[in-house]
Amino acid sequence: MNKTVLVSGGAGFIGSHVTVELSQKGYEVIIADNMSNCDETNYRGVCAILGRELPFIRMDFCDRKAVEELFSTHRIDAVIHFAAFKAVGESVEEPLKYYSNNLESFINVLGAARAHGSGVLFSSSATVYGEPDELPVTEKSPRQSATSPYGNTKQMCEDLLRDSVKAYKGLKGIALRYFNPIGAHPSALIGELPRGVPNNLVPFITQTAIGKRECLSIFGDDYPTPDGTCQRDYIDIVDLAKAHVAAVDRILEGRMKEDYEIFNVGTGRPVSVMELVKAFEKVNNLKLNYRIAPRRAGDVTAIWADPSLAEKELGWKAERSVEQTLAAAWAWEKHLAGKD
Ligand code: UD1
């Protein structure tokens, strides 16, 4: 019988891509989402890509009874926990909203996983490294104090997983630290759906190119980097999704070396904001309206991954080029606008 993976937040940007890759690898997937930050677009896209309806449960992971009931009524071999709030700025204004949602939901997942023997995969972030002293960052690079409640919830959830695994025999978990996930599925049927004005770079670029936004602001060109703009490690969303499949395989095939493991999920390749903008223009053959604006508070100068541990232990590495990823992001934006 196929193993079953529960994907909390499975109707969102990352969750929907992970659902597709897991299903294509032969896993049964149960999507659960409270739809607080998305509509049904990605869920429908997932079903269209796979050519079948997937089980969908509308629920809030902060509802402990609902989580317990879900685990009691379904055999769940592993759970991937995406259901969380993720807007950095909002988390500064509404810290209690972030702490209660992001921590309570994960505590409930951990309790149920412990009771039912499910493996746990947590979606962490490179934000835990703050402004690193040395580049690229390895999993051994020190975490730095979080600069936002959002970032703090990522660190606290990592600690919840680490401490639970240590205390509760049989519980196993992996935290994946994502760098900057971008792009969309090559089918252009699922992708990022930011609400309101996008905070992240690539959705802002594609919305500017399609005419929804007038002009992209490049936040700062006086950083101590080769071209003065910040450098990040942009990881293709399908590559990122495949890292989850490799991590679930590792948990369920009993290949973990420790009961709690952490892996960076990045390309190992720094790309500056200006390089990304130029690559977007070139690959999609268009001109983007942009201007240089003041630095954005809280941005780190540069961060990119050393992804060698994931390659060695998970047998995973990023495969898609920035150009392929930016072409997919643009195809998705056009699909949303009905122009494809
Ligand atoms: C941000 C969060 C990070 C979170 C991630 C989720 C911060 C400090 N970090 O990462 O915790 O996990 O999103 O995706 O908020 N940029 C522009 N113009 C724009 C938007 C962005 O120049 O309109 C620049 C930024 O200055 C940055 C780069 O593009 O240098 C990437 O920004 P963004 O996509 O927001 O990601 P991060 O800030 O790296």
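The values are calculated or read from the model by the stated rules, or taken from the named source; none is laboratory data. The structure displayed is predicted, hence computed values, not measured ones. Cβ atoms come from the backbone with ideal geometry, glycine included; neighbour counts cover every protein chain shown. Surface areas here come from the heavy atoms of the whole protein model, side chains and all, with no ligands, DNA or RNA. Shrake-Rupley method; radii C 1.70, N 1.55, O 1.52, S 1.80 Å.
Using C-alpha pairs under 8 Å with a sequence gap of at least 6, the mean separation divided by the residue count of the chain gives a relative contact order of 19 percent.
How big is the shadow of the Cα convex hull of the chain, averaged over all directions, in nm²?
Numbers: hull surface 64.6 nm².
Directional mean of the projected Cα hull area for the chain stands at 16.2 nm².
Please find, in a Gaussian network model of the chain (springs between Cα atoms separated by less than 10 Å), the residue of His17, His74, His185 whose mean-square fluctuation is greatest. Residue with maximal mean-square fluctuation among His17, His74, His185: His74. Heavy atoms of the protein chains alone define the surface here; on that basis segment 1-143 has 45 Å² accessible area per residue at 1.4 Å probe size.
Helix 237-252 and the longest principal axis of the C-alpha atoms of the chain enclose an angle of approximately 20°.
Per residue, the accessible area of segment 233-340 comes to 46 Å², computed with a 1.4 Å probe over protein heavy atoms only. Per atom type, the chain shows carbon and sulfur on 49% of its accessible surface, probed at 1.4 Å.
When Glu90, Glu21, Glu319 are compared by accessible area of protein heavy atoms, the largest-first order is Glu319, Glu90, Glu21, using a 1.4 Å probe. When Thr73, Thr225, Thr41 are compared by accessible area at a 1.4 angstrom probe, the order from most to least is Thr73, Thr41, Thr225.
Relative to the compact-globule estimate of 2.2 N^0.38 Å, the Cα radius of gyration of segment 121-217 comes out at 1.38.
Restrict the search to segment 191-286; then list the GluC sites (Glu not before Pro) that DSSP places in a loop and that have at most 15 other Cβ atoms within 10 Å of their Cβ. Working shown, then result.
Values: sites: Glu192, Glu214, Glu253, Glu258, Glu261, Glu275, Glu281; in loops: Glu192, Glu214, Glu253, Glu258.
Passing both the DSSP loop test and the Cβ count: Glu214, Glu253, Glu258.
The value of relative contact order for segment 245-340, using C-alpha pairs under 8 Å at least six residues apart, is 40 percent. For segment 1-107, the equivalent ellipsoid derived from the Cα gyration tensor has semi-axes of 24, 17, 11 Å, listed largest first.
With a 1.4 Å probe and all protein chains in place, put His81, His116 in order of accessible area, largest first.
Working: His81 5, His116 85 Å².
So the residues, ranked largest to smallest area, are His116, His81.
Computed on segment 149-298, the Cα convex hull volume stands at 156 Å³ per residue.
For segment 252-329, the alpha carbon positions stretch 51, 31, 17 Å along the principal axes, listed from largest to smallest. Mean residue ellipticity, 222 nm, helices only, the chain: the sum of -39500 (n - 2.57) across DSSP H runs of n ≥ 4, divided by residue count and rounded to 500, is -12500 deg cm²/dmol. Value of Rg to Rh for segment 71-195, rounded to two decimals, is 0.99; Kirkwood radius and Rg both from alpha-carbon coordinates. Enter the angle in degrees (range 0 to 90, nearest 10) between the Cα long axis of helix 13-24 and the first principal axis of the Cα atoms of the chain, meaning the one along which they spread out most. Compared with the principal axis, the helix lies near 60 degrees.
Please tell me which of these pairs span more than 26 angstrom C-alpha to C-alpha: Lys212/Lys278; Lys65/Lys257; Lys172/Lys317; Lys140/Lys166; Lys86/Lys287; Lys86/Lys140? Present the calculation step by step, with values, prior to reporting the outcome.
Working: Lys212/Lys278 20 Å; Lys65/Lys257 33 Å; Lys172/Lys317 23 Å; Lys140/Lys166 19 Å; Lys86/Lys287 30 Å; Lys86/Lys140 24 Å.
Result: Lys65/Lys257; Lys86/Lys287 exceed 26 Å.
Taking all Cα pairs closer than 8 Å and separated by 6 or more residues, the relative contact order of segment 262-307 comes to 76 percent.
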